[in-house]
Structure formats: C-alpha cells, structure tokens
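Participant: Okay, handing you the structure first.
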Amino acid sequence: MSVLNDLQSLPPDSRKFLVFTGFNLVSWQCIVGTVLVLFSRALGMPSSWVGTLLSFLPLSMLLVIFSIPAVETYGPRKLLIVTWLMRNIVASFILTIPLAIYLWDIEISWYILLFSILCFSLVRAFGVGAWFPWLHELVPKNRMGAFFSVETILAQVLTVLVTFGLAVILTINNGLERFYWIYGIGITAGLLSVWFARYIPGGISHSLNTDPSEKFLVLRHALRDKKYLQFIMLIILSISAIAWINVSSILYLRDVLGYSDSKIMNLVTVGAIGVALAVQFSSKILESFRSKVILSFLMALQMLISICWCLISPDIKSTLFYTLPLIVFGAIINAGFIIVASQMMMGMAPNQDRVGYTSLWITGTSISNGIPPILSGWLIRLFQMPGYRTCFLLAAGSATIVAILWSRFRWDEEEKILNIHHIVKPHQPLRTLQRITWLVRSRKKNNSHKRH
C-alpha cells in the first residue's frame with residue numbers, strides 16, 4: 001500500500017518518467033543483459049571476443065566525466081532523446097546478422113555484434129549523464145524519496161519478470177531465431193521509451209559554470225589524498241574479484257556444465273529475486289555495522305564463492321544444487337558491495353573536491369569492471385578448463401587479500417557515511433556511477449553559488 005500511496009503522491013510528469021524508466025529497463029535487459037553472453041556464444045564467438053564485448057560498457061563509462069558539458073549546453077531532455085534514439089539505431093544493426101550469415105558466413109556476425117555493442121556503449125555513456133538532471137526537474141525535492149522508492153520496486157519487479165520472460169523465449173528452440181526475437185523486443189522497447197520521452201516536459205539547458213582548470217585541480221587534490229588512494233585501490237581489487245566470477249561463471253555454466261540458455265536465465269531470475277529481497281534489509285545492516293567490516297565480510301564470502309566455483313566439476317551429478325546458491329549469493333554480494341562502497345566513497349570525499357574524487361572513483365570502477373572480462377576471455381580461450389580454474393582462483397585470491405586489507409583499513413568512526421541509498425541502483429551499477437557523478441557536480445554548483 002505504501003508504494004501505491006507514493007505513486008499517487010507523485011506529479012503526473014514524474015509518473016511519466018517512471019514509464020520511460022520501465023521501457024528502458026526492458027530494453028537494457030534484452031540488449032546488453034546476460035542474454036548478450038548467451039547470444040555471442042550461440043554465434044560461436046570465441047571467449048576472448050566475448051570478454052572484449054563485455055568490457056565495452058564499463059570502460060565506456062569513462063566518457064561520463066567528459067559528457068557533462070553537453071548536458072549543460074543542449075539540455076538533458078534533448079541530449080537524452082537524441083542519444084537514446086542513436087543507441088537503438090546502432091543496436092538494430094544486430095538484426096542484420098541473419099542476412100549477413102546468409103550472404104557470407106557466421107564469423108561476419110561477430111564483427112557486427114562487436115560494432116553494434118561498442119557504438120551502443122559509447123553513445124549511451126555520452127548521453128546517460130542527462131538522466132539524473134532531467135529527473136530532478138520533474139520530481140519535487142519533497143517527493144524525491146517517494147519517487148526512488150517506487151522506482152526501486154518497479155526496477156526489481158521488472159528485472160525479475162523480464163529475465164523470466166527471456167528464459168521462456170529461450171526455451172522455444174535451440175536456433176538463433178529466439179535471440180533475434182529478444183533483440184527485436186529490446187529495440188522496440190527502446191524506441192518506445194524514446195517516443196514516450198518526447199511527451200515528458202522539462203530538461204532545459206543550464207550551465208554548472210565549472211572552470212575547466214578547476215577540474216584538474218580537484219583531481220590533483222584527490223591524487224594527493226593517500227587514504228583515498230588506498231580506498232580506490234581496495235575498490236579496484238574488490239570489484240575485480242567480483243568481475244572475474246561474473247564473466248567466467250556464465251561461460252562455465254553454458255560451455256562446461258552444459259546448462260541450456262533458458263536454464264541459465266532462470267538462475268539469473270532467482271538471483272534477481274535474491275537481490276530484491278536483500279536490498280530491503282540493506283539500510284538496517286548499514287546502521288548496525290561499520291562499513292569496512294561489511295566490505296571485509298562481503299569479500300570473505302566472495303572468496304568462498306570463488307573457491308566453490310573452482311570445486312564444481314562437470315562430473316558431479318545435480319550441479320544445480322551447488323550452482324543455484326552460488327548465483328544467488330554472488331548477486332547479493334555484488335549488490336551489497338555497490339551500496340556500501342558508494343556511500344563510503346561519498347562520505348570520504350570533501351565537499352569542495354568531490355568532482356575530482358568522484359572522477360577518480362569512476363576511473364577505478366570502470367577499469368576494474370572492464371579489464372577482468374578481457375583477461376578471463378583470453379585465459380579461457382587459451383587454456384580451456386585450466387583457464388576457468390585460473391579465473392576462479394584469481395577471484396578467490398583477490399577477495400582473500402582485499403578482505404584482510406578492508407579489515408585493516410583506517411576508517412574513523414567519526415567519518416560520515418553519506419546516505420545516498422536512494423540513488424544507488426544495485427541492479428544497475430553503471431547507472432549508479434552516472435547518478436553519483438551528477439550529484440557531485442550539482443552539489444559543486446550549489447556550493448559555488450553559496451560562496452558568491
């Protein structure tokens with residue numbers, strides 16, 4: 001009932017933005033969700049290529065730092081509509097794969113998929129910075145909490161429903177046609193989101209008036225903060241430990257354990273349900289324990305999960321009994337880490353230098369999310385089963401080291417944990433990066449105005 005009350009309390013334009021968000025999430029899951037890994041392998045794409053494919057999205061997020069001036073110049077509404085239309089256009093090239101295979105051979109599809117996802121990632125990274133400022137124009141400050149409460153529930157429910165729906169579609173047959181249907185649905189949902197966005201008002205251009213030289217100055221301040229650099233290094237190691245498993249586990253399920261695509265999507269659905277349930281208790285956990293203790297505990301769990309993946313052999317009967325809890329707890333650890341680490345980072349960054357500190361954060365998280373897929377893809381391609389085991393052991397080793405380092409990290413109880421729970425999206429870590437970036441830039445602007 002509280003969710004319905006929150007929804008009814010929102011202005012009409014805010015509810016329109018929720019509809020736009022829903023279409024966008026469906027499009028995202030169909031185009032660059034777990035189905036992307038399954039589709040690329042169904043095309044026979046080598047694991048090294050798959051790893052490169054999966055690195056495009058996180059590495060492209062480095063562009064968010066440099067895309068803010070475009071938001072200021074053209075306005076968030078115009079920039080978002082144009083870039084969202086462009087990303088759906090480049091994604092539609094994927095639908096030319098059947099013709100390309102017919103005219104040439106299967107390998108041409110690898111280049112088309114790589115090109116489409118690369119362009120999709122770059123265009124999205126350039127335009128995603130417009131999302132949060134447009135939203136802030138539509139939602140009154142006193143209703144922001146209600147909006148994010150409804151949006152979180154909507155995203156969690158849609159994620160579960162969409163992943164389950166994709167699992168059903170993947171049961172149709174073993175051919176490539178089912179993937180074309182999924183991408184057709186994703187592109188259609190994306191185009192509908194663009195069409196719907198045209199009827200949402202607001203999003204006018206406005207400048208944050210940031211001196212270009214000041215951007216480099218605050219970045220230098222962050223680089224001179226030894227404690228913050230230690231924090232970023234721990235973040236890089238932690239995210240890498242998670243990324244090694246995120247990539248290699250899906251390939252292991254499909255190519256080694258012989259799970260069908262629909263079975264893998266069902267596992268992802270159960271993982272999404274686990275995340276939705278876990279997020280409901282995250283705020284209480286944050287209030288009960290110190291952040292570095294939580295991060296150390298999460299990395300210790302990640303170490304155990306990585307070792308368990310290493311122990312699962314294709315010779316074992318009923319591997320689902322083991323893989324199901326690993327998928328669920330892995331998803332929960334990923335979500336929990338995003339929430340705690342993001343709030344911890346914002347608490348460490350001083351108000352006057354948050355732009356530089358956040359830029360360093362985005363650089364670190366983008367690299368740590370983007371490099372492991374490339375390396376794991378090559379390890380698996382070169383060494384096969386030993387390559388998988390190497391990925392799992394690297395994840396376990398990284399998690400073990402960083403769990404110890406988190407427990408020893410110098411974090412004073414007096415240091416503030418900034419409550420940004422309402423903008424942290426555990427099911428969309430890349431969106432969280434963008435939101436934190438704009439939050440920092442907006443606060444920088446407000447502080448500048450107060451000084452003048």
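Participant: Search the range 30-44 for residues being of a type in the set (A, V, I, L, M) and within 21 Å of the chain's Cα centre (by Cα), and hand back the single one that is surrounded by the fewest Cβ atoms within 10 Å (Cβ to Cβ).
Facilitator: Filtering first and then ranking leaves Val32.
Participant: If you go through the range 88-135 one residue at a time, how many are in contact with a Gly (Cβ under 8 Å, 6 or more places away or on another chain) and among the polar types (S, T, N, Q)?
Facilitator: So the count comes out to 1.
Participant: Next question. Going by the conditions given, is Thr390 without any contact (Cβ under 8 Å) to a residue 40 or more places away in the chain and in contact with a helix residue (DSSP H, G or I) (Cβ under 6 Å, 6 or more places away or on another chain)?
Facilitator: Yes; evaluated as a whole, the condition is true for this residue.
Participant: Here's a follow-up. Hand me the list of helices (runs of 4 or more DSSP H) wholly inside the range 259-349 holding 1 or more residues that are more than 22 Å from Ser248 (Cβ to Cβ), at pLDDT 90 or above and hydroxyl-bearing (Ser, Thr, Tyr).
Facilitator: Fully inside the range 259-349 and qualifying: 291-311.
Participant: Could you tell me how many of the residues in the range 46-82 are more than 19 Å from Gly190 (Cβ to Cβ), at pLDDT 90 or above and of a type in the set (S, T, N, Q)?
Facilitator: 4
Participant: Among the listed residues Leu122, Leu99, identify the single one that is in a helix (DSSP H, G or I), over 15 Å from Gly44 (Cα atoms) and in contact (Cβ under 8 Å) with a residue 24 or more places away in the chain.
Facilitator: After applying the criteria, what remains is Leu122.
Participant: Output the residues belonging to the range 230-280 that are of a type in the set (S, T, N, Q) and within 18 Å of Asn174 (Cα to Cα).
Facilitator: Those that are of a type in the set (S, T, N, Q) and within 18 Å of Asn174 (Cα to Cα): Ser260, Ser262, Asn266.
The values are calculated or read from the model by the stated rules, or taken from the named source; none is laboratory data. Please read these numbers as outputs of a predicted model, since none were measured by experiment. Positions of Cβ are backbone-derived with ideal geometry, glycine not excepted, and every protein chain shown enters the neighbour counts.
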